[in-house]
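Undergrad: Have a look at this one before I ask anything.
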């Protein structure tokens, strides 16, 4: 039946065209944004997961920066410790030279004094981001010998987050400790064997200018050599600790970078649009749109043919 009130063919063609236009709009949005799930209305579950993962990945980026900062702090302390070892070796060499009878120990002491001043300068200069692991006051309020570096950010299946840290004990790395009860490697009192003691002489304060060739003074000089040698051994152990800590921080930083990449790939799998698929779909929908417009035009023209019956 032909009716001028209801054009069924045009209605069907219009519905088909509207569906095509809606699909075309979705495809164009995906192509322009690059996302298959760009908002919660596209897929609430995937959008929620992706949003949480992006938030966690941002936190991991901060962890990566913290690890970089920690590695730099360790590197400064390690470099300064190596320099301090070299200076202490020179002091030891001067002391060994002073063991020779008849040498001018006053002049040798003037060289040792400069080396001692350089050691102090090294300890005071080993600062990065306001932290000095080689010269500090262990008696200061809030002092903590254990330094923590933020190393990880994790979220449990229950949604609980936790922050992991790498701890480094700097009590054995201090060259100078200005605290009342603290003992640094360089400024700590040492007995005749070189061991840390409640009484004795520190590497920072040893003085041979007044020593003679007497047996007693030679014994004191040999004790100074033992003190310098023991200090070198302790600083070597300290440098080994710092080197191992730096390696661990570097390995953790590499892991965090790899983990961030893995999270990015996971997010991409959930929400990114397949551009090859979407471009193919766009071509098909554009053809469907053109055909739908033509179909609607033909359906509308059918009503016009009824007028010929009244001529």
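Undergrad: Rounded to the nearest 500 deg cm²/dmol, what is the calculated helix-only ellipticity per residue at 222 nm for the chain, with -39500 (n - 2.57) per DSSP H run of length n ≥ 4?
TA: The per-residue figure over the chain is -22500 deg cm²/dmol.
Undergrad: Can I ask one more? In whole Å and largest first, what semi-axes does the C-alpha gyration tensor of the range 63-214 yield when each eigenvalue is scaled by 5 and square-rooted?
TA: Square roots of five times the eigenvalues give 41, 16, 11 Å.
Undergrad: Report the relative contact order of the range 57-272, percent, no decimals, based on alpha-carbon pairs under 8 angstrom and at least 6 residues apart.
TA: 27
Undergrad: How big is the antiparallel share of DSSP beta bridges in the chain, given as a percent to the nearest 5?
TA: 90
Undergrad: Could you work out how far helix 105-125 tilts from the main Cα principal axis of the chain, as a 0 to 90 degree angle to the nearest 10?
TA: Computed tilt is about 20 degrees.
Undergrad: Could you state the angle between the C-alpha long axis of helix 275-305 and the longest principal axis of the C-alpha atoms of the chain, as a value from 0 to 90 degrees rounded to the nearest 10?
TA: 20
Undergrad: Hull surface divided by four, with the convex hull built on the Cα atoms of the range 189-228: how many nm²?
TA: Result: 2.6 nm².
Undergrad: Okay, moving on. Rounded to the nearest 0.05, what FRET efficiency is calculated for residue 96 and residue 65 with R0 set to 51 Å and r the Cβ-Cβ distance?
TA: 0.60
Undergrad: If you don't mind, there's one more thing I want to ask. Just to check, using Stokes-Einstein with a Kirkwood Rh over alpha carbon pairs, what's the diffusion coefficient of the chain at 10 °C and 1.306 mPa s in µm²/s?
TA: Result for D is 60 µm²/s.
Undergrad: Let me ask another. Pop a pseudo-label 7 angstrom from the Cα along the beta-carbon direction at both residue 55 and residue 104 and give the gap in nm to one decimal.
TA: About 7.5 nm, to one decimal.
Undergrad: In what order do 47, 133 fall by count of nearby beta-carbon atoms within 10 Å, going from fewest to most?
TA: With the sparsest Cβ surroundings first, the list reads 47, 133.
Undergrad: By counting other Cβ atoms within 10 Å of each Cβ, how are 234, 111 ranked from fewest to most?
TA: 111, 234
Only the coordinates and a few stated rules stand behind these numbers; no lab work does. These numbers were taken from a predicted model, which means no experiment stands behind them. As a convention, Cβ positions derive from the backbone with ideal geometry for all residues, glycine included, and neighbour counts pool all protein chains shown.
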